[in-house]
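Just passing along the structure, written as structure tokens.
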Amino acid sequence: MTALFWISFIFAMICYKYDPKSPPLRWMTLLLMCASMAGLSRAIIESIIPTLNEHHMNFELINVILYYLRIATGFFSIYFCPWGFLMHAIVYSERFSIKTITILKYILFIPILIMVKTTTYMPDIVPDFKSLLYWGVPYILLGYILHLYSFFTESDPDKKKARFTTFSIMHPIMFSALIFNYIIRAFDNTHQYWRYVVVVMLGSFVWFLWKALNKDGLGSMNGIKLKYEKKNHIKTNKAILSGTNLLNHTIKNQIYKINTGIQLIRNNVDSFNVVSQEGIKMINSSSSHLMNMVEALNNKTQEIKIIKTKQDLNKLLDEVLEDLKYELEEKNIRVKKYYALNEAYAFCSKAPTKEVFVNMLKNSIEAIKGDGEIEIRTSKYIGKKIIVTISDNGVGILPEHLKHVTDPFFTTKKQSSNNFGWGLYYCYDVMLKSDGKLAIESKVNEGTTIKLTFSTKKG
């Protein structure tokens, strides 16, 4: 039981350390602390007290401290676990508003307060397992249902994979706890069947550790993946920007030399024949064009500075639509707006966010051949997030291209001075630096849907 305490405690700290601000991870930490406190509670009577008695160290003060610690840890581990599991399912499902989650958190806590009165404390703590049948068991079952519903209704492949990993780690533990620690103990609390839960828990911890260390599975649980992805993206972005800026600098130096040479030649152009003069004009034109491209690329690859302020996403979308009005009218594209809120506030950087909306809408406009339709939606608050969805009925994206569209310099469009394959990468960069997310779904000849997730948290 001492091993259970330490293993659970260490993994609780690992979860919390990855992202202390992530609500799902905070509830996961609570669940792991319940397991840790269960281990400590049993260790007090099975290991600590017998060891103290053996060495004649059973002083009255120590005994009093250990008694109250046993009561507190036993109470916490048994009663807080169903509440924490259901709250984790509610938060992790991303189906509830912040206000609803706050209300549910306090309402669902009420049975724990009642258990303070119905629990036996002398001579040792005996939890009220009969009462747990009426609220603890339903809490765990509701958590199961909510996790399953969230998994089967999830449309984002990456998030669906993450939900499956979370389910595969958490639910063997909770199912065994449901059977052995809550249902059986309500009818038979003499046999220690609950010890089987420890075996399942250790197996799940091994699975958790493997997923945490495996490069493809790192962070599959809750918010860990996003943090890992963000760190890798920052490293990649710095490398790209550094290399691009170095290349730009080198090319510009050579172009300056070419231009200087051309100027020297042009001072004596009268002495050249017609063919030579035409050649000089071609070199001069190509040099100017190349310089313009370098300047444009340099502007595109500048480091993005994100300064988050409170912005109304509906308003930003309307401003962008007004700027693109003539392009939409020219191609006879209808725009349908479905704003779930009158004012959809999120914390983001105004100019880069508008640029993201411009890129997304221009991509939709270019993808639509002839008459078409673009649908824009803003969601209600989901946890501490709000989602902007932009859908079109354009040509769509080939499956083999879809996984590369956010790669820098990847493009399927005709190369031109205005296209470097940087648009979607820029948008991905902005969203990630804004603590948001960009997800793309597309089917050829059916259309494309972009989901932009924004944070409603200031930090």
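Are there any GluC sites (Glu not before Pro) in region 304-352 that are in a DSSP loop and have at most 12 other Cβ atoms within 10 Å? List them by number.
For GluC sites (Glu not before Pro) across region 304-352 that sit outside H, G, I, E and B with at most 12 neighbouring Cβ atoms in 10 Å, the list reads 343.
Kindly write out, for region 365-371 in residue order, the coupling ³J(HN,Hα) from the Karplus curve 6.51 cos²θ - 1.76 cosθ + 1.60 (θ = phi - 60°), rounded to whole Hz, with x marking Gly and Pro.
Once rounded to whole Hz, the list reads 4, 5, 7, 8, 9, x, 4.
Still on this structure, I have one more. List the chymotrypsin sites (Phe, Trp or Tyr not before Pro) within region 116-145 that DSSP assigns to loop and that have no more than 14 neighbouring Cβ atoms inside 10 Å.
Loop-located and lightly packed - 121.
What does the net charge come to around residue 394 if you take all other residues with beta carbon closer than 10 Å to its beta carbon, with K and R at +1 and D and E at -1?
Spelling it out: positives minus negatives among the neighbours equals -3.
Nearest 20 debye, what's the magnitude of the dipole of region 2-222 about its Cα centre given +1 on Lys and Arg Cβ and -1 on Asp and Glu Cβ?
Working: 18 positive and 12 negative charges, 116 e Å.
For this selection, approximately 560 debye.
Using only the alpha-carbon atoms, what does region 337-384 span along each of its principal axes? Please give whole angstrom values in decreasing order.
Principal axes ranked by extent give 38, 23, 16 Å for the Cα atoms.
What number, in percent, do you get for the relative contact order of region 304-367 if the mean sequence gap of Cα pairs under 8 Å and at least 6 apart is divided by its residue count?
After rounding, I find 56 percent.
From the P(r) of region 1-147, could you give the percentage of C-alpha pairs in the tail past 28 Å?
27
Can you tally the lysine pairs in region 2-222 where the Cα-Cα distance is under 18 Å and the two residues are eight or more apart, or on different chains?
10
Go from 0 up to the bin containing the longest alpha carbon distance in region 309-455, width 10 Å each, and give me the % of pairs per bin.
The calculated distribution, bin by bin, is 11, 43, 37, 8, 0.
We did not get these values from a lab; they are worked out from the coordinates using the rules stated. Quick caveat, the model's predicted, so the values are computed rather than measured. Methodologically, a virtual Cβ is constructed for each residue, glycine included, from the backbone with ideal geometry; neighbour enumeration extends over all protein chains shown.
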